[in-house]
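Remarks on the structure that follows.
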Amino acid sequence: MLSTNLQPGDHLFVFPLDFEIVVDISSKTVQLWRGTREKGYFFKEYQALEVRLPPGMKHPPRP
């Protein structure tokens, strides 16, 4: 069955590969931008189910 949701183990193939991926740890979101945020447009946003950083690594503060 086809689904519009990404599931663990799924593969995402995007063509053409002119996307910027933005991972926001504090809001647990993954955004896809066609082109770049400065010269493109918002395409899709996903909620991250879980965020795991390596031990001792802290996420950068928000600008």
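All of the numbers you see were taken from the coordinates with simple rules; none came from a lab. Predicted model, so just to flag it, every value in this text is computed and none were measured. Reconstructed Cβ throughout: ideal geometry from the backbone, glycine too, with neighbour counts over all protein chains shown.
Some observations on this one:
- Diffusion of the chain by Stokes-Einstein, at 25 °C in a medium of 0.890 mPa s and with Rh set to the Kirkwood radius over alpha-carbon pairs, works out to 180 µm²/s.
- Summed residue charge, Cβ within 13 Å of Lys39's Cβ, Lys/Arg positive, Asp/Glu negative: -1
- Net charge, Ala48 excluded, C-beta distance under 11 Å - Lys, Arg +1, Asp, Glu -1: -1
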